[in-house]
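Okay, structure first, notes after.
The values are calculated or read from the model by the stated rules, or taken from the named source; none is laboratory data. In this text, all values refer to a predicted model and were calculated from it rather than measured experimentally. Counting neighbours? That spans all protein chains shown, and the Cβs are built from the backbone with ideal geometry, glycine included. For accessibility, only protein heavy atoms count, side chains too; no ligands or nucleic acids. Shrake-Rupley method; radii C 1.70, N 1.55, O 1.52, S 1.80 Å.
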Amino acid sequence: FINNYIKMSKKLILFIYLLGLISLINTADIDVSKTYQTIKGFGGMNHPDWIADLTTDQVNKAFKNGDGDLGFSILRLPVSENTGNWAKCVNSAKTAQSLGALVFASPWNPPASMSEQFSGGGRSGKRLKHDKYGDYAQHLNNFVKYMKENGVELYAISIQNEPDYAHDWTWWTSEECANFAANYANQIECKVMSCETFQYNKQYYNDILGNSKASANIALFGTHFYGTQRGQMDFPALENDPRDIWMTEVYVPNSSSDADTWPEAVEVAVNIHNGLVIGGMNAYVWWYIRRSYGPMKENGNISKRGYMMAHFSKYVRPGAVRVDCTESPSNGVYLSAYKNTDGTIAIVAINNSNQNSQQTFNIKGANISSVTRYQTSQGENLAKSNVDAANGSFSATINSQSVSTFVIS
């Protein structure tokens with residue numbers, strides 16, 4: 001009796017152990033027939049008014065998509081209040097555009113003659129004089145024309161950078177932004193982007209949506225993600241609107257750490273994931289392209305934060321459509337999937353936990369001929385390997401504190 005009891009106990013323990021192993025193998029379903037937003041691209045800022053211009057080699061590394069490149073496809077420029085500074089933006093913008101990048105611009109301040117000091121409504125500082133809105137529209141339009149005359153066709157120009165966090169630049173209330181959009185934005189010979197709020201301040205967008213004239217003159221919406229939490233990124237009023245939503249500036253998680261600090265850099269990938277999956281963003285644009293805390297270090301090398309962006313920018317190409325995917329099959333693991341215009345499918349898998357995750361991917365509505373994996377961990381940067389697949393499915397270990405992009409043909 002005792003021997004039989006021991007044998008049964010061992011079998012039960014083995015069964016429980018095997019059941020535990022099975023439970024650790026997570027399954028994600030990808031349905032390419034169920035689609036969401038179209039991706040315009042990924043990119044960053046070049047601000048030659050404030051820091052040294054990007055070199056030609058750095059522009060090439062940022063906007064080409066070969067080995068050792070970032071694969072960016074969007075460049076953001078400043079609209080200086082000083083027209084004498086406009087020439088500083090031209091060369092890098094022309095090079096980026098020749099490589100296929102979309103170029104858009106953001107103003108921080110109007111010319112000094114159009115601004116005034118004020119105090120009220122809990123704010124004090126600089127604002128655009130209310131009788132200078134027409135002049136300001138002409139100022140923005142002049143930048144559009146200048147860039148075009150010098151070989152750069154702007155995709156869009158925004159009304160104001162961070163109107164709600166303007167301690168060092170120009171304040172705008174949400175009502176002022178909507179007023180300008182309604183009555184002056186149509187004078188600008190370019191797509192006009194909404195004001196780009198500091199922390200996805202919904203009032204600024206609701207005021208535009210609630211004003212038919214303002215809404216008619218806005219071609220796309222822009223926002224920044226400073227301190228914006230995952231739940232705050234969801235905004236159905238804009239996500240259900242046919243126009244694009246662009247995340248046009250952020251650095252994550254800080255500007256004090258070196259961009260190669262690991263695993264801190266994984267937070268960049270998580271932020272991009274949340275913006276695309278939770279916020280339905282069509283584009284994701286970093287702050288300075290080249291900075292100690294940016295995607296490119298001051299020496300021109302791609303940083304760990306840059307490789308986090310590259311997991312999206314190199315393999316989720318402009319025109320890709322986000323498709324349905326099990327988003328978080330286990331704690332700390334985040335998945336998203338995209339169908340590119342060439343028919344390939346890119347799955348970005350982020351493991352921000354301290355445990356490896358055994359992951360199975362089931363692809364519905366697509367036949368798999370090959371799967372190529374690119375993995376970044378503390379000791380790897382886009383390390384390339386092949387993954388076996390059969391019957392529309394493949395499996396892989398998503399290592400702790402790592403990011404992998406699976407490109408499926």
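Does segment 194-223 hold any residues that are more than 17 Å from Gly280 (Cα to Cα), of a type in the set (A, V, I, L, M, F, W, C) and either open to solvent by less than 50 Å² (accessible area, probe 1.4 Å) or in contact with a Pro (Cβ under 9 Å, 6 or more places away or on another chain) (or both), and which are they?
Across segment 194-223, the qualifying residues are Cys195, Phe198, Ile208, Ala214, Ile218.
Considering every residue within segment 76-93, establish whether at least one is basic (Lys, Arg), in contact with a strand residue (DSSP E or B) (Cβ under 6 Å, 6 or more places away or on another chain) and either at pLDDT 95 or above or farther than 30 Å from Ala366 by Cα (or both). Walk me through it before giving the result.
Going through segment 76-93, the residues basic (Lys, Arg) turn out to be 76, 88.
Among the residues that remain, those that are also in contact with a strand residue (DSSP E or B) (Cβ under 6 Å, 6 or more places away or on another chain) are: 76.
Cutting the leftovers down to either at pLDDT 95 or above or farther than 30 Å from Ala366 by Cα (or both) gives us 76.
There is at least one residue in segment 76-93 that is basic (Lys, Arg), in contact with a strand residue (DSSP E or B) (Cβ under 6 Å, 6 or more places away or on another chain) and either at pLDDT 95 or above or farther than 30 Å from Ala366 by Cα (or both).
Determine whether Val316 is open to solvent by less than 10 Å² (accessible area, probe 1.4 Å), at negative phi and part of a strand (DSSP E or B). Break it down stepwise before answering.
On the way: open to solvent by less than 10 Å² (accessible area, probe 1.4 Å): yes; at negative phi: yes; part of a strand (DSSP E or B): no.
So Val316 does not fit the description; no.
Evaluate segment 148-170: report whether one residue or more is out of contact with any Ser or Thr (no Cβ under 8 Å at 6 or more places or on another chain), over 30 Å from Lys94 (Cβ atoms), open to solvent by 10 Å² or more (accessible area, probe 1.4 Å) and part of a strand (DSSP E or B).
Taking every residue of segment 148-170 in turn, none turns out to be out of contact with any Ser or Thr (no Cβ under 8 Å at 6 or more places or on another chain), over 30 Å from Lys94 (Cβ atoms), open to solvent by 10 Å² or more (accessible area, probe 1.4 Å) and part of a strand (DSSP E or B).
For segment 379-398, indicate whether the set of residues that are in contact with a Pro (Cβ under 7 Å, 6 or more places away or on another chain) and either polar (S, T, N, Q) or surrounded by 14 or more Cβ atoms within 10 Å (Cβ to Cβ) (or both) is non-empty.
Start the filter on segment 379-398 by keeping residues that are in contact with a Pro (Cβ under 7 Å, 6 or more places away or on another chain), which leaves none.
Checked segment 379-398: no residue is in contact with a Pro (Cβ under 7 Å, 6 or more places away or on another chain) and either polar (S, T, N, Q) or surrounded by 14 or more Cβ atoms within 10 Å (Cβ to Cβ) (or both).
In segment 329-367, how many are assigned to a strand (DSSP E or B) and not charged (D, E, K, R)? Show your work before the answer.
Pass one, segment 329-367, residues assigned to a strand (DSSP E or B): 333-339, 345-351, 357-364.
From what is left, the residues that are not charged (D, E, K, R) are 333-338, 345-351, 357-363.
Number satisfying all stated conditions: 20.
Scan (1) open to solvent by 10 Å² or more (accessible area, probe 1.4 Å); (2) among the aliphatic types (A, V, I, L, M); (3) in contact (Cβ under 8 Å) with a residue 60 or more places away in the chain for the single condition Val79 breaks and write down its number.
All conditions are met except number (1).
Determine if segment 262-280 includes at least one residue that is outside any strand (DSSP E or B), touching a His at 6+ places or on another chain (Cβ under 9 Å) and not basic (Lys, Arg).
Yes, that holds for at least one residue.
Scanning for something farther than 25 Å from Val285 by Cβ, open to solvent by 10 Å² or more (accessible area, probe 1.4 Å), part of a loop (DSSP other than H, G, I, E, B) and modelled with pLDDT under 95, does segment 107-115 turn up at least one residue? Steps first, answer last, please.
We begin by selecting, within segment 107-115, every residue farther than 25 Å from Val285 by Cβ; these are 111-115.
Those still in the list that are open to solvent by 10 Å² or more (accessible area, probe 1.4 Å) too: 111-115.
With part of a loop (DSSP other than H, G, I, E, B) added as a condition, the list becomes 111.
In the following step, the residues that additionally are modelled with pLDDT under 95 were identified as none.
No.
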